[in-house]
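S.K.: Can you read through this structure? Questions will come right after.
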Amino acid sequence: MPLELSASAVWAYVAFAALGACVGSFVGVLAPTWSAQLLGQPGHTWAAGLWRRSACSHCQQVLRPWHLVPLLSYVGLRGRCAHCAAPIPRRDFAVEVLFALAWVSMLWRWGWGWPALAWSLWVSVLLLMAWIDGETYWLPDVLTLGLMAVGLVAATGWGWPVPGLASWAGAALGYGLLWVVAWSYRRWRGREGLGMGDAKLLGALGAWLGPWALPSLLWLAAVLGLVWGLAWRWSGKSRADGAFPFGPALVLAGWALVLWPQLARPLGGEP
C-alpha cells in the first residue's frame with residue numbers, strides 16, 4: 001500500500017532517499033570497475049575498486065570524508081573538486097539522484113516496512129545490471145542468477161506477493177521464452193541475436209514478479225528497447241553488427257510493472 005503523506009512519512013521518504021543515494025554512490029564506484037574488468041582492461045578488478053580510496057580523477061588528491069557525502073557534497077562543492085576545482089563528472093551526481101528516486105519509489109509503492117527495503121535492494125541490483133550491460137554487453141551471472149535465487153527463496157516466506165510455485169513458474173517461463181527466441185534466431189540467421197544474459201535476467205524478473213507479469217513485461221520492454229536501440233544507434237555506440245544491450249529495457253519494464261501493476265492487467269495479468 002502506498003505510503004500516505006504525513007510528517008512521519010516525509011522523514012521516511014528522506015531516509016529512503018538518503019539510503020538510495022548512498023547505494024548509488026557505491027554503485028558509481030563498483031559498476032565502472034566491474035565493467036572494465038569484463039572488458040579485459042588491465043589493472044581493473046571490481047573487488048580492488050571497492051577498497052581503493054576515492055580520489056579526484058584530475059589531480060589524484062585523496063578526497064576527505066565530507067567530500068564524499070552523496071548529493072550534498074556535489075551541491076556544496078558546486079560540482080567541482082575541492083582541491084583543483086576540476087569539474088566533478090555529472091554522471092556521479094545523476095546516478096545518486098537516480099538511486100534516491102528508485103528507493104523513494106519503492107517506499108511509495110510498498111509503504112514503510114521490510115518489503116520496501118527488499119524491493120529497493122532489488123531495483124538497485126537491476127540498475128547495476130543495466131549499467132554494466134550498457135557498458136559491456138554483458139550481464140554477470142552472479143547478478144542475474146543471484147537475483148533469481150533470492151526471489152525464489154523470498155517467495156517461500158509468509159506474506160510475499162508472489163507465492164512459491166508462481167515464482168518458480170515465472171523464473172522457468174521467463175528464461176525459457178528468451179531461450180527459445182535466441183535459439184530460433186540462431187537457427188534462422190546462423191549467428192547470435194540475443195544473449196543468454198537477457199534470458200537469465202528475464203528469469204530473475206519472473207521469479208520476483210510471477211508468470212502473469214511476463215507478457216506485459218516483454219511488451220513494455222520491446223517498446224522501450226525500440227526507443228533505446230534507436231537512441232543507441234544515434235549516439236554512435238552500436239557495434240558493427242548492429243547489436244545493442246537489451247538489459248536496460250528489461251530493467252525499466254520490470255521497475256515500471258512493480259510501481260504500476262495494473263499495466264499487466266490488459267494482457268491478462270493477475271488482477
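S.K.: Just to be sure before I move on: is LEU145 on the phi < 0 side of the Ramachandran plot, at pLDDT 90 or above, part of a helix (DSSP H, G or I) and open to solvent by 50 Å² or more (accessible area, probe 1.4 Å) in the structure I sent?
M.R.: Here the answer is yes, as LEU145 does meet what is asked.
S.K.: So which residues in segment 104-124 are assigned to a helix (DSSP H, G or I), of a type outside the set (A, V, I, L, M, F, W, C) and touching a Pro at 6+ places or on another chain (Cβ under 7 Å)? It would help to see each step written out before you state the result.
M.R.: First, pick out the residues of segment 104-124 that are assigned to a helix (DSSP H, G or I): 104-110, 114-124.
Then drop every residue that is not of a type outside the set (A, V, I, L, M, F, W, C), which leaves 105, 109, 115, 120, 124.
Once the filter is applied, which keeps residues that are assigned to a helix (DSSP H, G or I), of a type outside the set (A, V, I, L, M, F, W, C) and touching a Pro at 6+ places or on another chain (Cβ under 7 Å), segment 104-124 yields only ARG109.
S.K.: Go through segment 106-120 residue by residue and tally those that are open to solvent by 10 Å² or more (accessible area, probe 1.4 Å), touching a residue at least 60 places away in the same chain (Cβ under 8 Å) and not aromatic (Phe, Trp, Tyr).
M.R.: Residues that pass the stated criteria total 1.
S.K.: Filter segment 150-171 down to residues that are open to solvent by 70 Å² or more (accessible area, probe 1.4 Å) and in a helix (DSSP H, G or I) and give me whichever is modelled with the lowest pLDDT.
M.R.: LEU165
S.K.: Out of all the residues in segment 125-142, which are surrounded by fewer than 20 Cβ atoms within 10 Å (Cβ to Cβ), out of contact with any Pro (no Cβ under 8 Å at 6 or more places or on another chain), in a helix (DSSP H, G or I) and not β-branched (Val, Ile, Thr)?
M.R.: ASP141
S.K.: Kindly establish whether TRP183 is more than 15 Å from the chain's Cα centre (by Cα), at pLDDT 65 or above and farther than 20 Å from LEU126 by Cβ.
M.R.: Criteria met by TRP183.
S.K.: Which residue out of GLY254, GLY269, GLY176 is open to solvent by less than 20 Å² (accessible area, probe 1.4 Å), modelled with pLDDT of 80 or more and not aliphatic (A, V, I, L, M)?
M.R.: None of the others qualify; the one that does is GLY254.
S.K.: Right, something else. Here are some residues: GLN41, GLN37. Which one is at pLDDT below 75, open to solvent by 60 Å² or more (accessible area, probe 1.4 Å) and in contact with a His (Cβ under 8 Å, 6 or more places away or on another chain)? Steps first, answer last, please.
M.R.: Working: GLN41 fails: in contact with a His (Cβ under 8 Å, 6 or more places away or on another chain).
Only one candidate passes the filter, namely GLN37.
S.K.: To continue, here is another question. Just the residues that are out of contact with any Leu (no Cβ under 6 Å at 6 or more places or on another chain) and open to solvent by 60 Å² or more (accessible area, probe 1.4 Å), please, taken from segment 213-232.
M.R.: Of everything in segment 213-232, those that are out of contact with any Leu (no Cβ under 6 Å at 6 or more places or on another chain) and open to solvent by 60 Å² or more (accessible area, probe 1.4 Å) turn out to be TRP219, VAL223, LEU226, VAL227, TRP228, LEU230.
The values are calculated or read from the model by the stated rules, or taken from the named source; none is laboratory data. Predicted model, so just to flag it, every value in this text is computed and none were measured. Using ideal geometry, Cβ is built from the backbone for each residue, glycine included, and neighbour counts are taken over all protein chains shown. Note: areas computed on protein heavy atoms with side chains; ligands, DNA, RNA excluded. Shrake-Rupley method; radii C 1.70, N 1.55, O 1.52, S 1.80 Å.
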